[in-house]
Amino acid sequence: MSKNTIELDINVPNQTRYLSLIGRIGEDLARELEKEGGRRETLAYHLNTVLTEAMTNAIVHAHDGDPEKTVHISICITEDELCIRVFDQGQGFDLNSIPMPDFDRLEEHGHGIYIIRCLMDTVVYRRLRDHNVLEMWKKLR
Amino acid sequence: MKIETGEANGVILITLIGERLDAHNSDEVKGKVRDIFESGAKSVVVDLSEVRFIDSSGLGAMVSGFKNAISHHGRLVLSGLQAQPRSMFDLTRLTRVFEIFENAEAALGSFAEK
């Protein structure tokens, strides 16, 4: 690991009450990034949002709210980019099949992935042997 | 999330007291707004001035409230959005759906004008 790399691995119970804890960790990490300068507060809010949306997806959809499961989150920040990975043990889904929200229809659901895509540069969902991972990358300026 | 309700000149003011409106508490807020419309209210303000963070579930709760208002021939408006929650309304194009007032007083006043 290079001297300017930050890596965090977190496991939390599959419960929405932990959304604020993980969101806060994302905010605090963003505030450590000197490079981002005046954009740090915006980045902090965006990381909070992305972590919240990705975790909610794992807790509510992939794990169907099962409190016995856990959610694994990994955050890696290097000089030039950051990557958030949220792992789940659900059925998995095809990220490319999720449509853009229809803004004229006033929908209550289905904005989570759209928001993540808006706030991050690259979003990938991979199915691995015994789990899945939602991987979200952002370049740092 | 603490949900306070009050009434002024026939308008129900719902104030959400808490830093986050997210998937953990959005159902509670959604249920409260639905109950208020089902109990006969027609005019509702949801004040978000205390809310620093909102996610897609929180936005969904507001959309649900808006739909409740329509189905009960009522009106639901928002007030006091902080800059970052407001950016989420912008991102999901909801700023063109909701009437958003600077503060609860202005939102309540808007019902007197109509």
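The values are calculated or read from the model by the stated rules, or taken from the named source; none is laboratory data. All figures in this text were calculated on a predicted structure; none of them were measured in a lab. Counting neighbours? That spans all protein chains shown, and the Cβs are built from the backbone with ideal geometry, glycine included. Accessible surface areas use protein heavy atoms only, side chains included; no ligands, DNA or RNA. Shrake-Rupley method; radii C 1.70, N 1.55, O 1.52, S 1.80 Å.
For chain A, averaging the sequence separation of C-alpha pairs within contact (under 8 Å, six or more residues apart) and dividing by the residue count gives a relative contact order of 26 percent.
Taking every C-alpha pair closer than 8 Å and separated by at least 6 residues, the mean separation divided by the residue count of segment B:2-113 gives a relative contact order of 27 percent. Report note on the peptides A:3-11, B:91-99: ranked by the mean count of other C-beta atoms within 10 Å, highest first, their order is B:91-99, A:3-11. Of interest is the spacing of the C-alpha centroids, which for segment B:20-98 and segment A:69-141 amounts to 25 Å. Working from Cα positions, state the angle (0 to 90°, nearest 10) between the long axis of helix A:40-56 and the longest principal axis of chain A. The two axes meet at around 30 degrees.
Residue-wise HN-Hα couplings along segment B:63-75, as the Karplus relation 6.51 cos²θ - 1.76 cosθ + 1.60 with θ = phi - 60° gives them from phi, are 4, 4, x, 4, 5, 4, 4, 4, 5, 9, 6, x, 9 Hz; Gly and Pro carry x. Taking Cα atoms only, the orientation of helix B:104-113 departs from the longest principal axis of chain B by about 40 degrees. The solvent-accessible area of A:Cys118, taken with every protein chain present and a 1.4 Å probe, is close to 60 Å². Between A and B, buried accessible area summed over both sides at probe 1.4 Å, in Å² to the nearest 100? In total, this chain pair buries about 2200 Å². The candidates B:Ser56, B:Ser87, A:Ser97, arranged from most to least accessible area with a 1.4 Å probe in the full protein assembly, appear as A:Ser97, B:Ser87, B:Ser56.
Judged by the gyration tensor of its Cα atoms, with axes a ≥ b ≥ c, segment A:71-141 is oblate; a/c meets the 1.5 cut and b/c is at least as large as a/b. The residues of segment A:6-139 present an accessible area of 50 Å² per residue when probed at 1.4 Å with all protein chains retained. When all alpha-carbon pairs of the protein assembly as shown are counted, what percent fall beyond 26 Å? Every Cα pair in the protein assembly as shown considered, those over 26 Å come to 43 percent. Under a point-charge model restricted to the Cβ atoms of Lys and Arg (+1) and Asp and Glu (-1), what is the dipole moment magnitude of segment A:6-139 relative to its Cα centre, in debye to the nearest 20? Magnitude of the dipole: close to 60 debye.
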